[in-house]
Structure formats: C-alpha cells, structure tokens
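Notes follow the structure.
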Amino acid sequence: MVTIYAEPPQSATSTPKKTPKRLREGLLHLLQSVYPDHDTQELLERVLTAFWPDGGAPRPRGRPPGNTLWTEKDSYVITYGNSLINGEHKPLDLLYDFLDTRLRDVATGVHILPYFPYTSDDGFAITDYYAVDSMLGAWEDVGRIAGQFRLMSDMVINHCSSQSVMFNEYRLGHSPYDKFFFEASPEDDLSMVVRPRAHPLLREVDTAMGPKHVWCTFSHDQVDFDFSNPEVLLEFLRILRFHINGGVRTLRLDAVAFLWKEIGSPSIHLRQTHEIVRLMRLLADYCTDPLVLITETNVPNAENLSYFGNRNEAHMVYNFSLPPLLLHALLHGTSQHLNAWQMSMPPAQLGCTYFNFTASHDGIGMRPAEGLLSEEDIDSVIATAKRFGGLASMRTMPDGSTRTYEINIALFDALKGTVEGEDEWNIERFLCSQTIALGLEGIPGIYIHSLLGTGNDYEGVEKSGHNRAINRRRWHYPDLIAELDDPNSRHTRVFQSMATLMKLRSKQGAFHPNATQFTLQLGDQLFGFWRQSLDRSQSIFAIHNLTAEEVSVPVMALNLIGGETWTDLISGEDIGAMGGNILFAPYQCRWITN
C-alpha cells in the first residue's frame with residue numbers, strides 16, 4: 001500500500017532519528033561544495049528535515065551499489081495520463097484499466113508523464129507540484145496505479161510555469177520566492193549558453209522591484225529556478241518526499257543538465273549540477289523505499305554518460321543515442337554506425353543501468369547523434385523522416401543560425417520505408433526496431449504509441465500548433481479497444497507482437513539489465529550482440545536483419561557452444577536443424593539461446 005497526502009506536507013521542525021554518520025558527512029561535503037557561502041551545518045539539518053520530516057528515520061546504512069534494484073522482468077510503459085480518453089471516465093481510470101487488463105503480465109513499470117496542473121508543453125510547465133491535474137483524476141488514482149506497477153514520475157526540476165504560485169509570489173516580491181528564479185541582464189555575455197530552443201533566452205517581466213529579466217531555457221512560459229539559492233533545493237527535497245509518499249519509486253529528473261547557471265559559461269553540465277544529483281542519490285541510497293533516479297539529458301553521448309558519475313549519481317540514464325542511430329540503421333539498411341557506437345559503449349557500472357527507448361513524447365533527438373553520424377547521414381535521416389510526414393523542431397546555434405534539434409514523427413510512420421521510399425515492410429521494420437531495444441543491456445521503456453503502432457497525429461498538430469503533438473495522440477478508448485479486438489488490425493498485430501516479445505524477454509536471465517554484452521561482427525546487413533546471464537548459465541545471440549533482403553549467417557560465425565541445443569526463442573526453430581546456415585527473412589530477428 002502507498003500513503004497518499006491530501007495536501008502538501010508542512011515544514012518539518014525535527015531532524016530524523018539516528019541519522020547515520022556517513023550520511024551526514026556525505027551531505028555536508030556536498031553542501032560545502034555547492035553552497036560555500038552559506039551556513040552548511042544549519043543547511044544540513046534543514047536538508048535532513050526536508051527529506052525525513054517529523055523525525056522519520058533513514059536506513060542505518062546506505063544501499064550499496066548493486067544489481068538488486070531491477071531484473072530481467074522489468075520494463076516500463078511510457079504514457080501521458082490522458083493518452084486514453086472517452087469523455088466519460090477519468091483518464092487515469094482508463095489508463096489503470098488498460099494496464100490492468102492488457103499489460104499486467106507484460107510490463108512491471110509505468111512512466112506517467114507529468115500529471116500535475118500545467119499551462120503549456122503538455123505538462124512540463126507545472127503550476128503546482130503537489131496536486132494532480134483534475135482533468136486526469138486525483139492522487140488516489142495515481143496511488144492505485146502505483147500499487148500495481150512501479151511508478152516513474154517526473155521531477156520537472158529546471159523550471160516551472162510562469163503562472164505558478166511560486167512565480168506569482170516572485171513577481172510580488174514575497175519571501176522566499178523573491179529569490180527562487182534565475183535573473184540575468186540583456187547586457188550579460190550569454191554567447192556561450194547552450195540552447196535547446198530558438199526563442200530568446202531572457203524574458204522581461206514586471207515585478208514589485210521593477211522590471212526583471214528571467215532565464216527561460218525552454219519557453220517563455222517555463223521560467224528557470226535559481227538553485228544557487230538553497231531554499232530552492234530544500235523545496236524540491238520536500239516535493240521529492242511528497243512524491244515518494246505518493247507511491248513514486250522511480251524519479252525522472254527532467255532537463256536536469258541545465259539546472260545550474262553561471263553568466264559567461266555554457267550553463268549546462270556544470271559541476272554544481274552533478275553535485276546536486278549526487279546529493280539526491282545519497283538521499284535515495286538512505287531512503288527506506290527503493291528509490292531509483294533517472295536523468296533526462298538529451299545531449300551527445302559522452303555528456304549523457306557523465307550522469308552515472310562514479311556510481312554516485314543517476315541509477316539510470318536515458319540511452320539517447322539509440323533512437324537516431326537505430327532509425328539511421330533501418331532507413332539505410334546498415335549496422336555500420338550502430339555497431340561502432342555499441343562497441344564504444346561501456347558496460348554500466350555496478351548499481352547503474354541504461355534506459356533503452358526508441359521513441360518518446362518529445363520526438364527523436366538529433367543532438368545525441370552528433371559525433372556518431374556524419375552531417376550527411378544526419379541530414380539524410382531528417383530528410384527521409386520529412387518525406388514520411390515528419391516535422392522538425394529547431395534550436396539556435398552560437399552563431400545565430402538554427403539547426404534541427406529533434407525530428408517530430410511517430411516512429412511507426414518513420415519506418416514506413418527506407419531512404420529509397422515507402423515499401424511493404426512497415427510492420428516488420430518497426431518490430432525489428434523494438435526487438436533490438438528489448439534485447440540490449442539495460443531496461444526497456446516502450447512509449448505507448450509504439451506499443452500500439454500509432455501513426456502521425458496531424459489533427460493534434462493542427463489543434464495545438466506544436467510539432468511534438470504529432471506523436472501524442474489521445475486515443476478514444478472504445479476505438480482503441482475495438483482495434484485491439486480486431487484480429488486484422490495493424491494495431492492488434494503490433495500490440496500482440498510487442499506483448500509476446502516483452503513477456504518472452506522477462507523470462508530470460510541473459511536479458512538482466514546488467515548481463516554481459518558483446519557486439520557481434522556479422523556484416524553491415526545484420527546487427528547482433530551476445531548476452532550472458534549473471535550466473536553464466538544462459539547465453540543469447542540477438543541478431544537482427546536490418547534490410548528488406550533475405551540474409552544468411554554461417555552457424556560457425558556464432559561460435560555456438562558444442563554439445564548444447566540452440567533454439568530461436570522468437571520462432572521456436574531448432575538452429576541445429578538448419579544445417580550450416582541460419583536464414584533471416586527481411587527484418588527478421590532471432591534470439592538464439594541455449
């Protein structure tokens with residue numbers, strides 16, 4: 001059972017009982033580094049009471065890095081709270097019904113994208129971190145889902161809505177919110193700031209103290225917090241505790257890379273940002289409830305991996321380079337760049353793992369492909385996606401030019417053909433992309449519209465005026481059920497195939513998120529990797545045909561252990577009965593295991 005607060009917790013006054021010495025020392029060290037000009041001893045006590053209010057007790061010892069927070073059974077479904085609607089029931093009730101009736105034995109977790117009151121960006125401009133959007137349901141509805149599935153929730157930590165109570169209090173000059181938001185001057189040197197969008201960075205607002213220019217990384221309705229003020233950190237620790245008590249067990253730190261700002265710097269990935277993530281990881285390690293932190297940093301690969309820290313930052317990082325590389329591989333029919341990237345990826349350290357996804361509510365980010373694909377290859381992927389109905393979101397470069405930041409398209413439609421044009425292999429090609437993600441080292445996160453084979457939603461784009469709406473369809477629930485009950489529906493074929501693969505994956509020890517992985521060299525037409533269970537009792541050769549041609553692989557090329565029977569888990573075929581070669585139909589995938 002989970003405890004649901006009816007209202008935000010009040011400020012606690014008593015420190016936790018029996019605070020472990022190592023916890024206190026670790027927190028104090030981080031606070032001294034981040035806030036050297038403050039009374040860090042006093043700040044330490046306030047951090048403890050914010051996270052453990054009313055004298056709650058942390059674990060006597062920190063949870064050591066290990067692989068016990070997840071197993072091969074784990075996968076997440078990513079969805080909005082209102083991806084399913086019928087005009088009669090609360091969307092969270094419909095989501096629970098769908099999860100309960102269709103996915104109970106398929107997925108173990110669900111990431112409900114921001115379900116709080118908001119003003120824009122489909123939930124990422126939050127007005128109240130302690131409330132559930134009444135159009136979706138209530139905390140009881142969130143708690144019911146959290147009681148059956150591991151709940152991932154968003155901590156939109158970089159910014160909030162310009163119409164939130166906090167920002168209104170800032171404009172009125174009321175303490176402590178008068179110092180909650182980052183201010184700058186148009187005269188400041190902001191040329192080094194890394195921008196994910198094309199709008200002006202600063203927004204002028206009227207306040208009780210006169211006109212101010214506030215920092216807006218993502219939109220002028222999303223105003224950035226000023227974490228150099230420790231009161232902001234304390235407020236987010238109270239929010240974090242509130243969410244834990246509401247059933248959240250996986251916390252997504254949204255846009256965390258931009259958290260700390262300094263004039264004259266890129267204001268991304270700064271030292272203080274990493275140290276605040278470390279502070280939250282330390283609190284999570286001493287939290288009685290098994291809390292997992294995942295960072296959302298849509299940036300080039302090396303920068304993304306830095307959020308593992310030294311096993312002391314995020315438990316999971318989004319595998320952001322996978323979607324653009326996978327899309328390139330299937331559009332061009334070659335594993336060349338996918339292979340090169342996969343061979344360079346380090347195994348996740350003990351206590352860490354990757355979060356593998358192929359599509360999301362945001363689209364397919366192209367920044368994570370920088371340095372992995374040439375400019376020509378990137379342009380080819382963008383151009384092909386546009387031919388298949390896709391759109392593009394832009395960002396501003398330091399020289400003032402604009403560049404594609406992400407492709408906005410439903411992945412199902414992005415794979416309706418190749419660079420040569422559309423063909424008849426849409427479903428097979430799409431399922432190939434999903435099978436690859438399910439087999440890779442890490443935990444899979446499947447966007448609901450990938451699970452359902454949903455196509456581009458042009459009506460949503462027209463209504464909202466935003467490109468990202470193309471992959472955020474709101475299904476009329478009765479229509480969806482009718483589609484899934486129709487054996488001839490493409491949505492049925494995709495959903496049933498995905499459910500079968502996910503259930504199959506969950507039973508294989510070799511697919512544990514931390515199981516050994518090696519990349520196979522099988523030629524450009526195939527992408528393959530070898531996984532071995534932690535106890536070395538099971539091996540799986542996961543091999544995928546990236547082309548519309550039939551391909552064969554000599555059995556000897558896989559070095560299958562002699563004296564054992566090798567079977568393709570997906571087709572059920574006996575590999576030994578195939579003779580000297582293993583055949584792959586167009587876009588066929590095989591999980592060959594002993």
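The values are calculated or read from the model by the stated rules, or taken from the named source; none is laboratory data. Here the structure is a predicted model, which means the values were calculated and not measured. Ideal geometry is used to build each Cβ from the backbone, glycine not excepted, and the neighbour counts take in all protein chains shown. For the accessible areas, the whole protein counts, side chains as well, though only heavy atoms, and no ligand, DNA or RNA atoms are used. Shrake-Rupley method; radii C 1.70, N 1.55, O 1.52, S 1.80 Å.
Take residue 177 and tell me if it is open to solvent by 50 Å² or more (accessible area, probe 1.4 Å), touching a Phe, Trp or Tyr at 6+ places or on another chain (Cβ under 8 Å), hydroxyl-bearing (Ser, Thr, Tyr) and farther than 26 Å from residue 365 by Cβ.
Spelling it out, residue 177 is indeed open to solvent by 50 Å² or more (accessible area, probe 1.4 Å), touching a Phe, Trp or Tyr at 6+ places or on another chain (Cβ under 8 Å), hydroxyl-bearing (Ser, Thr, Tyr) and farther than 26 Å from residue 365 by Cβ.
Being open to solvent by less than 30 Å² (accessible area, probe 1.4 Å), closer than 25 Å to residue 587 by Cα and assigned to a strand (DSSP E or B) is the requirement here; does residue 378 meet it?
no
Every residue, every condition in (1) assigned to a loop (DSSP other than H, G, I, E, B); (2) touching a helix residue (DSSP H, G or I) at 6+ places or on another chain (Cβ under 7 Å); (3) open to solvent by less than 10 Å² (accessible area, probe 1.4 Å); (4) not hydrophobic (A, V, I, L, M, F, W, C), yes or no:
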site: 122; (1), (2), (3), (4): no, no, no, yes
site: 132; (1), (2), (3), (4): yes, yes, no, no
site: 135; (1), (2), (3), (4): yes, no, no, no
site: 142; (1), (2), (3), (4): no, yes, yes, no
site: 145; (1), (2), (3), (4): no, yes, yes, no
site: 151; (1), (2), (3), (4): no, yes, yes, no
site: 154; (1), (2), (3), (4): no, no, yes, yes
site: 160; (1), (2), (3), (4): no, yes, yes, no
site: 163; (1), (2), (3), (4): yes, no, no, yes
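In this structure, is residue 406 open to solvent by less than 30 Å² (accessible area, probe 1.4 Å), assigned to a loop (DSSP other than H, G, I, E, B) and either under 28 Å from residue 153 (Cβ atoms) or β-branched (Val, Ile, Thr) (or both)?
No, not satisfied.
Please specify each residue of the range 250-278 satisfying the condition of being open to solvent by 10 Å² or more (accessible area, probe 1.4 Å), under 19 Å from residue 229 (Cβ atoms), aliphatic (A, V, I, L, M) and in contact (Cβ under 8 Å) with a residue 60 or more places away in the chain.
263 - this is the single residue of the range 250-278 that is open to solvent by 10 Å² or more (accessible area, probe 1.4 Å), under 19 Å from residue 229 (Cβ atoms), aliphatic (A, V, I, L, M) and in contact (Cβ under 8 Å) with a residue 60 or more places away in the chain.
Kindly provide the set of residues from the range 69-113 that are in a loop (DSSP other than H, G, I, E, B), open to solvent by 10 Å² or more (accessible area, probe 1.4 Å) and farther than 13 Å from residue 148 by Cβ, ordered by number.
69, 71, 72, 73, 74, 80, 82, 86, 87, 88, 89, 90
Given the residues 507, 503, which is the only one that is assigned to a helix (DSSP H, G or I), of a type outside the set (Ser, Thr, Tyr) and open to solvent by 10 Å² or more (accessible area, probe 1.4 Å)?
Answer to the selection: 503.
Just to be sure, is residue 517 out of contact with any Leu (no Cβ under 6 Å at 6 or more places or on another chain) and under 18 Å from residue 343 (Cβ atoms)?
In short, yes.
Between a residue in the range 319-334 that is under 13 Å from residue 430 (Cα atoms) and any residue that is open to solvent by less than 10 Å² (accessible area, probe 1.4 Å) and among the charged types (D, E, K, R), which pairs come within a Cβ distance under 7 Å, given they are 6 or more apart or on different chains?
Qualifying pairs under 7 Å: 330/429.
Cβ-Cβ under 7 Å, sequence separation 6+ or interchain: first residue in the range 190-212 and at pLDDT below 95, partner open to solvent by 50 Å² or more (accessible area, probe 1.4 Å). Which pairs?
Matching pairs, first to second residue: 191/398; 198/394; 198/402; 199/220.
Just name the residue that is farthest from residue 302 (Cα to Cα) out of those in the range 340-358 that are among the aliphatic types (A, V, I, L, M) and within 19 Å of the chain's Cα centre (by Cα).
So, considering only residues that are among the aliphatic types (A, V, I, L, M) and within 19 Å of the chain's Cα centre (by Cα), the one farthest from residue 302 (Cα to Cα) is 348.
Being part of a strand (DSSP E or B) and under 20 Å from residue 397 (Cβ atoms) is the filter here; which residues of the range 196-235 pass it?
The answer is 202, 215, 219.
Can you find even one residue in the range 50-64 that is assigned to a helix (DSSP H, G or I), of a type outside the set (D, E, K, R) and either at pLDDT 95 or above or touching a strand residue (DSSP E or B) at 6+ places or on another chain (Cβ under 7 Å) (or both)?
Yes: one or more hits.
List pairs: first residue in the range 132-152 and more than 16 Å from residue 82 (Cβ to Cβ), second residue open to solvent by less than 30 Å² (accessible area, probe 1.4 Å) and among the basic types (Lys, Arg) anywhere in the structure, Cβ distance under 6 angstrom, at least six positions apart or on different chains.
152/252
For the range 464-495, enumerate the residues that are surrounded by fewer than 17 Cβ atoms within 10 Å (Cβ to Cβ), within 24 Å of the chain's Cα centre (by Cα) and in a helix (DSSP H, G or I).
464
Please state which of the following conditions residue 534 fails to meet, knowing it meets all the rest: (1) under 28 Å from residue 352 (Cα atoms); (2) open to solvent by less than 70 Å² (accessible area, probe 1.4 Å); (3) in contact with a His (Cβ under 7 Å, 6 or more places away or on another chain); (4) of a type in the set (A, V, I, L, M).
Going through (1) under 28 Å from residue 352 (Cα atoms); (2) open to solvent by less than 70 Å² (accessible area, probe 1.4 Å); (3) in contact with a His (Cβ under 7 Å, 6 or more places away or on another chain); (4) of a type in the set (A, V, I, L, M) one by one, residue 534 breaks only (2).
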